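The values are calculated or read from the model by the stated rules, or taken from the named source; none is laboratory data. The shown structure was predicted, so the numbers you read here are calculated from the model rather than taken from an experiment. Note: ideal-geometry Cβ built from the backbone for every residue, glycine included; neighbour counts use all protein chains shown. Just the protein is used for accessible areas: all its heavy atoms, side chains included, with ligands, DNA and RNA removed. Shrake-Rupley method; radii C 1.70, N 1.55, O 1.52, S 1.80 Å.
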Amino acid sequence: MSKQYPEYKHLSLPELEKEVLKFWDAHDTFAKSVSTREGKPSFTFYEGPPSANGKPGIHHVISRAIKDIFCRYKTLQGFQVKRKGGWDTHGLPVELQVEKAMGITKADIGTKISIKDYNAACKEDVLKYKHLWDDITRKMGYWVDLDDPYITFESNYIESVWNLLRRLWDKGYLYKGFTIQPYSPAAGTGLSSHELNQPGTYQEIKDTSAIAQFKVKGTENEYFLAWTTTPWTLPSNTALTVGKNITYVKVRTFNRYTQQPAIVILAKDRLAKYFSEQKVDLQPEEVKPGSKPIPYIEIVAEVKGSELAGMEYDQLMPYVQPDKPAFRVIIGDFVTTEDGTGIVHTAPTFGADDFKVAQQNDIPPIMVEDEEGNPIPLVDKRGRFVKEVTDFAGRYVKDYGQEEERSVDEDISIMLKKADRAFLIEKYVHSYPHCWRTDKPVLYYPLDSWFVKTTAVKDRLIELNNTINWKPASTGSGRFGNWLENLVDWNLSRSRYWGIPLPVWRTEDGSESICIGSVEELSGEMDKAVAAGLMEADFVKNFLEDVDLHKPGVDDIVLVSKNGQPMHREPDLIDVWFDSGSMPFAQWHYPFENQETFKANFPADFIAEGVDQTRGWFFTLHAIAVMLEDSVAYKNVIANGLIQDKNGNKMSKRIGNVVDPFEMIEENGADAVRWYMLGNTSPWENLRFNPAGVQEVKRKYFGTLYNTYNGFFATYANIDGFTYGERIPVSERRELDQWIISVLNSLVKTVQTSMDDYEATPAIRAIDYFVNEQLSNWYVRLSRRIFWKGEMNQEKEAAYQTLYECLRTVAVLMSPFAPFFSDRLYRDLGAGESVHLANFPEINADEIDLSLEERMEMAQRLTSMILSIRKKEKLKVRQPLQKAMVAVLGKDMHEQLDRVQAIIAAEVNVKDITYITGDNAVLVKKVKPNFRLLGPKLGKLIKELGPALAKLTQAEIRQLEAEGELQVQLSEPITLTSNELEVVSEDIPGWAVASDGKYTVALDLSLTEDLKQEGIARELVNRIQNLRKDKGFDVTDKIEIQLVKNEAWDEAVESFSQYIQQETLAQNLAVVEGIPYGDAIEIENVQGTIALAKV
RNA sequence: GAACUCGUGGCCAAACUGGAUUAAGGUACCUGCCUGAUACGCAGGUGAUUGCAGGUUCGAGUCCUGCCGGGUUCACCA
């Protein structure tokens, strides 16, 4: 006869998972979990596209586990949850990886290698690790549709993105500007603010800083002092900026390098930093180069910044002249006196603030023309001085790997010193941004750029953000909210090759332009261009045959303007973040296809990614949705924290503390990894990933649950031939059954409430607690006897049903978190095709009995207390005792205890539980105040209450119990009622007592002869059971026992023969004189011999 | 430098809107148990002035201020 419930030899999660994966494949379970919900309300989830050009790490497992958990949970609840996968394919990381592999730099693209070949290489490279991603996705049990993913490099995707750009264009949200931006000469590209925010971008570096002396026009030796950490920008200086309300002083002194007399101007607050003291008779020879600070002679004058404004000075390094009047003092609100001199050197071409303030004051930048006649600043795009800066022509302004004796900053400083224009030159350590990929310093550099005018909808962005349910809330209001408050326009341009080209064509003078919103439109425009003779018909035909909207193809397209002028494409690509932020639209090729699908799936109900996406994907999704749909893009979002190693360090390949997700899963199983990661800490906290924790989960949770099913339920249910027939009403089951069913229903409620609030951790912990403590350690332990003794009857049947219901419900509840094990359990129980096609359990409110839960908890605590007395007194549980006494406080407790006392008695092996009630004088009682009620009532008086209550006599306490109220004399007389006080017993004089909160219990330790004999009988039973097991007898085998006469236990055998036989399934227990065979046993140091035989 | 966030026994962590006793529980550690479901198990026990210093309150792990430390994010830093 085949067994109803499969039994296993051992538990191996990794093996089990492999089998379950095969099952899912064979039965198409994922697809079914979606298709069986056809017509049900949908729950929309957006998959944040990973980039497959790197290998998946353990941190990817956590964010994907979160996504998976909620999608599965919503499926259980009856929603249809489609999950389209996606791949992020464009961007600088891909390009740099390809450059590295090919051994080329950006400058080589278009020369050594054609753009076409280069982009082909990028396309090839970007999905390099797709197989690993697919593999981890599968192995970790993440259900997402990998067969039909959206891919950002596909023409349909790009076309949708173009359409979005066009809609922004039509709303006037797309514009071209010229701004100072972070620029990486080493990478040859501007950096977005997201890129500048990569960790490790700001590094501590030591630079040469200079306080330069700008000579006030028309004076002999009066100078403005201005500090800079970038002396290489001094040739580009065209203004000095001061604070309107800052007080400045003119100080008479000597230059420390040249000993020339000088009058210098600086902020009064900064005086002490650079000058030590006033020294009226200061002589030039006293001022040495090394001395800083130096003394000064006198303060000549004190003026406000506003009075300095408009003053002119001589150009400091006159290599190139500006085309308008410059070299004036201007006012800026960003000037402080925390550093430097309170006068800011202003080079409009190399600082964002400088640029802005110069523009406001009509100060020109210093520019030269390159070979093509385009205006450029004094430093070229590779970070070198242009030829016009004769002394330093061709030299790199920062460390870009060149070898040189001294840096440009140092050489400029030396030159200033010699020219009597350097007030102070020092080394200065500060944090400076570095390119996140090349690790070289960033320059602030003037670049042409296209912007998205996000500031135009700033208020709406903030308003709608407030409607999003952020987990944790602080990320939404704090990190994300603050970012929105300080929003700047989104710089969309990237001057690279592998990405979505900006679909804007302009005439040379910029007077006419067009933004293309679809391939069809492009095709129409191309036809016009052919007609105008600007393009070959063949080219157009070839292009449209196999549309590829990447460079270089699109750059060869020349369109014609309304006035017949040729228009060329703006050369930039767009920020890759725009790609991924477009996915709600572009994944469906909206609006060209799937209009209904898009509408049904926008906005998303739920997304989840790491906190690092706050300014990335979370922002771009939000920004695009708000600008174009005036809607949020997602309603609920979980931003998970970082994964660190077990010591709290960041994981990095260099340190070698990275956890390989494949190994982790192979060793412990994905279920254990998922359970650990989400059960240990709320996902938005940083998780210190400790492999020992995964193993603990594996053996404690999964081990216990496996054992409850396999070692217990399946074993006995198969013996008894149990199948789940007609449900026996819970009210007709044992109290213990009613209890666990009640607790189970409470569990369902807890899980549902937590999950509805996107809190997975409390749900996991609740399930864990239920399985370990309540089901396994209490229910199953106390139910052992009913399962292995006696014939099948209604009571036993009910117990089986109870255990079965618990296991089946647990399987469903845990299935979002541990999709493999739960499915196996569910199917082993014969509960259905797959747990993932099941429905979330109903809560049967009428099966919840809180009073029952409460008394069972009391039983558990009292049991534990009595056991602790036994332990202390060194009395084995196997030794029966006559009685335990429990202090009973009040009628409720009396009634509750009545119903569980049998359970306690059996658990602690006593014959009788007696109650010590309130009027029993042996009980020493105490009164404790209920602070929650009395705090507000008594206020400060409450401090007197403690001592007053301690002084109460036992008689007074009995009076309180009898009358329900009590007079207490504090500073004023107070009447306290019994609900404001709690009476607690603490001690029973003369007994072995344990006390815990409101429970007090005493144990009668006296051993009668009968009890001793029964104890011996129990020992015998135990030895026999052990032998049965050793001999490999089946649990149901009947035996015969021969026991050699021994005065140590003959009496016990005689008195308890019946009991011993019953317990050991013995049909016969014979006491014999001596046998030549048998096994040695020992009870309390007495040796004996016994023989067992199967009947 | 600024903002946000966290800081509870060796380690991981709970404690609802400030409230009741000894600040849960797990792990590790110590002790005792192979008790017929589990030794990857069971039972019992040791271990914390809740980072430090103040404050508000009848009452603070929880609220406020300052400091120290971790993390994240931001910054035009001249």
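Odds and ends about this structure:
- Degrees between helix A:13-27 axis and first principal axis of chain A (Cα, 0 to 90, nearest 10): 80 degrees
- The peptide list A:934-940, A:488-494, put in order of mean Cβ contacts within 10 Å with the highest first, becomes A:488-494, A:934-940.
- For the range A:1-75, trypsin sites (Lys or Arg not before Pro) are listed when DSSP marks them as loop and at most 11 other Cβ atoms sit within 10 Å of their Cβ; the list is A:Lys9.
- Expressed in Å, the radius of gyration and Dmax of the Cα atoms of the range A:690-829 are 15.1, 48.
- Rounded to 5, the percent of DSSP beta bridges in chain A classed as antiparallel: 70 percent
- Expressed per residue, the C-alpha convex hull volume of the range A:468-556 stands at 176 Å³.
- Length-normalised contact order of chain A in % [C-alpha pairs under 8 Å, at least 6 apart]: 11 percent
- Per DSSP, loop GluC sites (Glu not before Pro) in the range A:680-760 with at most 14 further Cβ within 10 Å: A:Glu685, A:Glu726
- With N the number of residues in chain A, Rg(Cα) / (2.2 N^0.38 Å) evaluates to 1.31.
- Those GluC sites (Glu not before Pro) in the range A:396-453 that DSSP places in a loop and that have at most 16 other beta carbons within 10 Å: A:Glu403, A:Glu404, A:Glu405
- Remark: accessible surface ordering of A:Met311, A:Met885 (largest first) is A:Met311, A:Met885, probe radius 1.4 Å.
- Spin-label model, A:Ser864 to A:Ser114: label points 7 Å out along the Cα-to-beta-carbon direction sit 7.7 nm apart.
- Diffusion constant of the range A:208-308 at 25 °C, which comes from Stokes-Einstein with the Kirkwood Cα-pair radius and 0.890 mPa s, µm²/s: 173 µm²/s
- Peptides A:158-167, A:526-535, ordered by how many other C-beta atoms sit within 10 Å of their residues on average, highest first, read A:158-167, A:526-535.
- Compactness of the range A:826-960 - radius of gyration and Dmax, Cα, Å: 22.3, 68
- Neighbour net charge for A:Ile1016 - beta-carbon separation under 12 angstrom, K R +1, D E -1: -4
- If you plug the beta carbon distance of A:Phe539 and A:Val303 into 1/(1 + (r/R0)^6) with R0 = 60 Å, you get a FRET efficiency near 0.30.
- Net charge of neighbours whose Cβ lies under 11 Å from the Cβ of A:Met856, counting Lys and Arg as +1 and Asp and Glu as -1: -2
- Using only Cα coordinates, the Kirkwood hydrodynamic radius of the range A:1009-1094 works out to 12.8 Å.
- Near A:His90: Cβ cut-off under 12 Å, other residues only, Lys/Arg at +1 and Asp/Glu at -1. The net charge is -2.
- Inter-centroid distance (Cα atoms) of the range A:1-59 relative to the range A:298-318, Å: 74 Å
- If you take the Cα centroid of the range A:537-555 and the Cα centroid of the range A:867-916, the two points sit 88 Å apart.
- Length added when fully stretched, A:Lys40-A:Lys55, from 0.36 nm per residue minus Cα-Cα: 1.7 nm
- Taking the C-alpha atoms of the range A:924-987, convex hull volume expressed per residue in Å³: 75 Å³
- Alpha-carbon geometry of the range A:202-433: the Rg and the Dmax are 17.5, 59 Å, given in that order.
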